[in-house]
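Worksheet: the structure to be examined is printed underneath.
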Amino acid sequence: MAKGMMGNMLKQAQKLQAKIFKLQEELAERTVESSAGGGMVRTVANGRQELVSIKIEPEVVNVDDIEMLEDLIVAAVNDALKKSQEMVSNEMNKLTGGFKIPGLT
């Protein structure tokens, strides 16, 4: 009886692993957007927490104030990566029923 239960648990774990793998592939294609400076700097990140694009409005580029532009870029990138992490975490929680699996959520 215990052997059958273990086999069933193993099958369930394998199914969950396959679903997680598929979800990770899907999330890699999904993106989140963020902006800073009232939309002057816009960024896009994917579900792998990779930065996909940065758009900078020309009027925010001021050679006399490069620090402001750098700060806007950092803020927009960090926010996009945070949103990407939240997206992945939310989707993984849906799949695992909130069960925390180390390294996945």
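Taken together, the values in this text are just the output of simple stated rules run on the coordinates, not laboratory data. Because the structure is a prediction, the values reported are computed rather than measured. Cβ coordinates were reconstructed from backbone atoms using ideal geometry, including for glycine residues, and neighbour counts include every protein chain displayed.
Each label point is 7 Å from the Cα along the Cα-to-Cβ direction; what then is the distance between the points at Gln14 and Lys55, in nm?
The modelled label-to-label distance comes out at 4.7 nm.
Please list, in chain and number order, the residues 5+ apart from Arg30 or on another chain whose amide H is under 5 Å from its amide H, with Hs placed from the backbone.
It is Gly47, by chain and number.
Distance between the C-alpha centers of segment 66-84 and segment 7-53? Whole Å please.
20
So what is the relative contact order for the chain, in percent, with contacts set as C-alpha pairs under 8 Å and at least six apart? All intermediate terms of the calculation are to be shown ahead of the outcome.
On the way: 118 pairs, mean separation 25.9, N = 105.
It rounds to 25 percent for the chain.
What Kirkwood hydrodynamic radius, in Å, does segment 1-73 give when the mean of 1/r is taken over all pairs of distinct Cα atoms and then inverted?
Details: mean 1/r = 0.0638 Å⁻¹.
Here the Kirkwood hydrodynamic radius works out to 15.7 Å.
Once the Cα atoms of helix 2-29 and of the chain are each reduced to a long axis, what angle between those two axes, in degrees from 0 to 90 to the nearest 10, is obtained?
20
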